[in-house]
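**Q** Quick one: the structure is below, questions incoming.
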Amino acid sequence: MIFQGELIKNHTTIKIGGYVKYFSQPKTLDELIYIVKLARDKDLKIIPISNGSDIIFADYDLDIVVIKLDKLKGIEVYDDLVEIMVGEGLPRVAIYLEDLGLSGFEYLYGIPGKIGGAISKNAGAYGMEIKDLLLKAYIVSWDGELIELGKDKLNLRYRDSDVLKYGVLYKALFKLRKDSPESIKLRRESLSERRKLTQPYGVFTAGCMFKNPNGYSAGRLIESVGLKGYKIGDVVISNKHANFFINLGDGKFDDVMKLMDMAKERVYENYGILLEEEVVIVR
Ligand SMILES: Cc1cc2nc3c(=O)[nH]c(=O)nc-3n(C[C@H](O)[C@H](O)[C@H](O)COP(=O)(O)OP(=O)(O)OC[C@H]3O[C@@H](n4cnc5c(N)ncnc54)[C@H](O)[C@@H]3O)c2cc1C
């Protein structure tokens, strides 16, 4: 099913964004292939999203097709190999595999993304990235064909990959490490505590706005140029972690862009370091 005119802010964690021309949430592979082919035939740009926790859309109308993959769910376990559909959320995957004594996803437990977005952005935390677990991915190519690609082809790197050169992720195969559910749980809980102490939660945000430049923390750089707590309109730079920008309720896309420009300019003037966006911006 394809909807015309969807308010995309409702599908992102920062709750900013205007109407997109077409919107679809496929429940099967056939539906996904159908939509991809339809968009290709109409020459429309496709933006896949999974949980919308690392993406900000402009708040004017956008002539694009957004395919949200949160309905494609399922986890199949074959000993230490696990096949996961892209619509599964990282927290649920972590708990499910923890109970089976399979380690790896406990590091990603606190990330509010789904498997699709996590692979596309090579999500990671506490010294671990999803690429450390991934073996291969199944992708619906921009031509509407299901293709299978080994992890090397996807060029997963720091908060980025080549996934979108190929198409839309459908499912992926991971290799995990066997461990006792108790030890996995302990690790998950202790990492979760650390996260709560250092990051804002329960707020409208898209996570880290900028990548950490080599050897530096983007948050500390932004804090050191006096921008912690700085606010434009209804968007504020978090007092807890300056790389998180928070929409207080009525935040506008332009406010976020102005704050990002300001952070980039001040950090560049003071340190000669050019911050690079981590969050995906669609305009
Ligand atoms: C509070 C908070 C904390 C966070 N902490 C972390 C952290 O510790 N580490 C970290 O790495 N990230 C973190 N993030 C960022 C974000 O959660 C991760 O990048 C996450 O993996 C994105 O997943 P998603 O499903 O929300 O992706 P989306 O935001 O939906 O999409 C992100 C990108 O992936 C693409 N994409 C999505 N689905 C597919 C698909 N099926 N096929 C192809 N491309 C696709 C999109 O087009 C977009 O380019 C945090 C975010 C928040 C809000």
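**Q** Only one of these conditions is not met by residue 146: (1) closer than 30 Å to residue 41 by Cα; (2) touching an Asp or Glu at 6+ places or on another chain (Cβ under 8 Å). Which number is it?
**A** Failing condition for residue 146: (2).
**Q** Right, another one. With respect to residue 192, determine if the residue is surrounded by 16 or more Cβ atoms within 10 Å (Cβ to Cβ) and among the hydroxyl-bearing types (Ser, Thr, Tyr).
**A** no
**Q** Turning to a different aspect of this structure: Residues being open to solvent by 40 Å² or more (accessible area, probe 1.4 Å) and either touching a helix residue (DSSP H, G or I) at 6+ places or on another chain (Cβ under 8 Å) or of a type outside the set (S, T, N, Q) (or both): count how many of those fall in region 196-205.
**A** Residues that pass the stated criteria total 6.
Okay, residues lined up against (1) within 16 Å of the ligand (Cβ to nearest atom); (2) in the same structural domain as residue 124 (by TED's automatic domain parsing); (3) polar (S, T, N, Q):
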{"residue": "179", "(1), (2), (3)": "no, yes, no"}
{"residue": "214", "(1), (2), (3)": "no, no, yes"}
{"residue": "228", "(1), (2), (3)": "no, no, no"}
{"residue": "231", "(1), (2), (3)": "no, no, no"}
{"residue": "235", "(1), (2), (3)": "yes, no, no"}
{"residue": "246", "(1), (2), (3)": "yes, no, no"}
{"residue": "274", "(1), (2), (3)": "no, no, no"}
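**Q** Now, a different point. Test residue 144 against the stated conditions and say whether it is over 16 Å from the mean Cα position of the chain (by Cα), open to solvent by 60 Å² or more (accessible area, probe 1.4 Å) and on the phi > 0 side of the Ramachandran plot.
**A** For residue 144, the condition - over 16 Å from the mean Cα position of the chain (by Cα), open to solvent by 60 Å² or more (accessible area, probe 1.4 Å) and on the phi > 0 side of the Ramachandran plot - is not met.
**Q** Mind listing whichever residues of region 107-150 are more than 11 Å from the ligand (Cβ to nearest atom), farther than 22 Å from residue 33 by Cα and without any contact (Cβ under 8 Å) to a residue 24 or more places away in the chain?
**A** 127, the sole residue that qualifies.
The values are calculated or read from the model by the stated rules, or taken from the named source; none is laboratory data. Bear in mind that the values here come from a model prediction, so they are computed numbers and not experimental data. With ideal geometry, Cβ positions are generated from the backbone for all residues, glycine too; neighbour counts draw on all protein chains shown. For accessibility, only protein heavy atoms count, side chains too; no ligands or nucleic acids. Shrake-Rupley method; radii C 1.70, N 1.55, O 1.52, S 1.80 Å.
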